[in-house]
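Data first, discussion second: the structure below is written as structure tokens.
Read-outs: derived from the displayed coordinates by stated rules, not from any lab. Quick caveat, the model's predicted, so the values are computed rather than measured. All Cβ positions, glycine included, derive from the backbone under ideal geometry; neighbour counts span all protein chains shown.
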Amino acid sequence: MNRRSLLLNPAALTPLLMSLLALSVLLVHLARYGPAPQPDEGTAAHLWQILMVLQLPIVGFFALRWIPEAPRAASLVLALQLGAAIGAALPVFLLGW
């Protein structure tokens with residue numbers, strides 16, 4: 001199986017989309033309220049947390065399913081998933097939220 005077809009697999013694509021959605025939630029919140037910490041965790045924080053945590057079982061399933069069958073392509077997809085998750089989490093850590 002090649003990388004492109006494996007990347008289009010729902011178990012590979014879903015975590016990437018979830019990370020992008022989590023990042024967009026952060027960017028919209030930043031645009032509306034600015035970088036100052038809020039006194040209470042709002043909807044944006046909860047959505048971000050849910051999106052990030054729900055990726056874990058999907059990534060785990062993907063790894064268990066595809067690493068034995070296509071280790072090189074699966075490793076590249078897992079690296080993309082990790083990069084997307086770090087990209088979505090980085091603003092939270094840099095802004096101290």
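Think of the chain as having a plus end and a minus end, set by charges on the Cβ of Lys, Arg, Asp and Glu; of Pro71, Tyr33, Ala84, Pro71 sits farthest toward the positive end of this dipole. Between Leu95 and Leu7, the modelled label-to-label distance comes to 2.8 nm, taking each label 7 Å out from Cα in the direction of the beta carbon. What the phi angles of region 78-89 give under the Karplus curve with 6.51, -1.76 and 1.60, with θ = phi - 60°, is a coupling list of 5, 5, 4, 4, 5, x, 5, 5, 5, x, 7, 8 Hz, glycine and proline written as x.
The distance from the alpha carbon centre of region 1-33 to that of region 43-68 is 11 Å, rounded to a whole number. Length gained on full extension, Arg65 to Ala79, computed as 0.36 nm times the residue gap minus the Cα-Cα distance: 3.5 nm. Taking Pro39, Pro68, Pro15 in turn, the Gaussian network model of the chain (Cα-Cα springs below 10 Å) assigns the largest fluctuation to Pro39.
Note on Leu21 and Gln49: the extension gain reaches 8.9 nm, defined as 0.36 nm multiplied by sequence separation minus the Cα-Cα distance. Computed from the Cα positions only, the extents of region 53-92 along the three principal axes stand at 35, 18, 6 Å, in decreasing order.
When 1/r is averaged over all different Cα pairs and the result inverted, which Kirkwood radius in Å belongs to the chain?
14.2 Å
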